[in-house]
Amino acid sequence: MKIIKHALTSVLPLAALAVMLLAGCAKNKIQQAVDDLNEKCPIALGQFIRMMGATYEGDRIAVRYVMDERLMKIESFQSNDDLMKKQLLSLYGHPTKDLKNFVDVILDAQATLEFVYEGSLSGKKFSVVIKPEELKQAQQASPLTLEESLDIVVQITNAQAPMMVAEGITMTAMTKEGDGVYYIYEVSDDTLFANLQGNIEQNKAMIRQALESLSEVEKVDLRKIPAAGKFLGYRYVNTSTGQQVEITFTISQLDDMLR
């Protein structure tokens with residue numbers, strides 16, 4: 001059975017960018033940091049997104065990404081750009097120790113951050129823009145709670161649904177249910193569903209292997225699930241019979257796989 005790595009949010013590459021810029025930030029030279037970043041590009045940030053490069057003109061730092069439209073819908077992210085911006089402002093408004101130098105330099109330079117996303121097939125583009133005054137306001141606001149941050153992950157993932165992840169398997173939703181977070185799949189192939197039903201431990205091992213092999217960037221939002229005190233479940237529903245198969249991972253298992 002083929003296991004697909006899911007794109008959770010587009011915030012992940014942005015955090016990666018900030019870390020890459022730190023070397024330049026130490027010298028207070030944004031242009032040098034941008035030049036250094038461009039030498040490394042293009043950079044694959046997981047299965048779905050590539051960072052193509054950055055520019056620094058006037059007071060604006062613009063970073064360009066290309067999203068693989070064979071696997072994701074750029075319109076879904078565009079229609080949720082307010083959620084993306086909310087999470088970004090929380091990230092940069094209350095930065096970790098590693099990000100603080102970057103944020104300080106941006107504010108000192110009064111620079112505007114612009115993250116430009118382009119569809120690989122359609123060429124459609126949208127941007128998320130953070131102005132220095134918005135960043136200052138974010139520093140004075142309360143950070144997102146773990147639950148609020150997870151809610152954003154769920155909402156943006158659902159914006160991608162329905163998504164065919166393999167022949168006969170379609171992801172229809174991501175849900176929060178009690179102490180768990182579930183990916184919900186519809187399985188239209190009876191033979192495939194029978195395989196899932198009869199080989200639960202084998203398929204669980206395959207999912208575990210896929211999660212463990214995720215890049216550091218891809219793991220960031222998944223870690224929000226155990227951080228919020230939730231387990232992760234995969235629920236497969238046979239569309240012809242309504243039968244269900246569930247594969248779950250405990251909080252400790254997730255922490256172990258995503259370390």
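Some notes on this structure:
Here is a yes/no grid of residues against (1) open to solvent by 50 Å² or more (accessible area, probe 1.4 Å); (2) closer than 28 Å to ALA44 by Cβ; (3) among the aromatic types (Phe, Trp, Tyr); (4) under 21 Å from the mean Cα position of the chain (by Cα):
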| site | (1), (2), (3), (4) |
| --- | --- |
| ILE156 | no, yes, no, yes |
| MET163 | no, yes, no, yes |
| ILE169 | no, yes, no, no |
| ASP189 | yes, no, no, no |
| ASP221 | no, yes, no, yes |
| SER240 | yes, no, no, no |
| ASP255 | yes, yes, no, yes |
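- Selected residue (criterion: least open to solvent (accessible area, probe 1.4 Å)) from residues of segment 131-147 that are free of Cβ contacts under 8 Å to residues at least 24 places away in the same chain and farther than 30 Å from GLY58 by Cβ: THR145
- Look at (1) in contact with a Ser or Thr (Cβ under 8 Å, 6 or more places away or on another chain); (2) open to solvent by less than 50 Å² (accessible area, probe 1.4 Å); (3) over 20 Å from LYS131 (Cβ atoms) and you find that MET72 fails only one, number (1).
- Condition met for SER142 (out of contact with any Pro (no Cβ under 6 Å at 6 or more places or on another chain) and either on the phi > 0 side of the Ramachandran plot or modelled with pLDDT under 90 (or both)): yes
- Selection over segment 126-145 of residues that are under 18 Å from the mean Cα position of the chain (by Cα) and over 26 Å from ILE74 (Cα atoms) gives a count of 1.
- Any hit, segment 203-225, residues being at negative phi, in contact (Cβ under 8 Å) with a residue 40 or more places away in the chain, hydroxyl-bearing (Ser, Thr, Tyr) and part of a strand (DSSP E or B): no
The values are calculated or read from the model by the stated rules, or taken from the named source; none is laboratory data. Quick caveat, the model's predicted, so the values are computed rather than measured. Reconstructed Cβ throughout: ideal geometry from the backbone, glycine too, with neighbour counts over all protein chains shown. Keep in mind that these areas ignore ligands, DNA and RNA; they rest on the heavy atoms of the full protein, side chains included. Shrake-Rupley method; radii C 1.70, N 1.55, O 1.52, S 1.80 Å.
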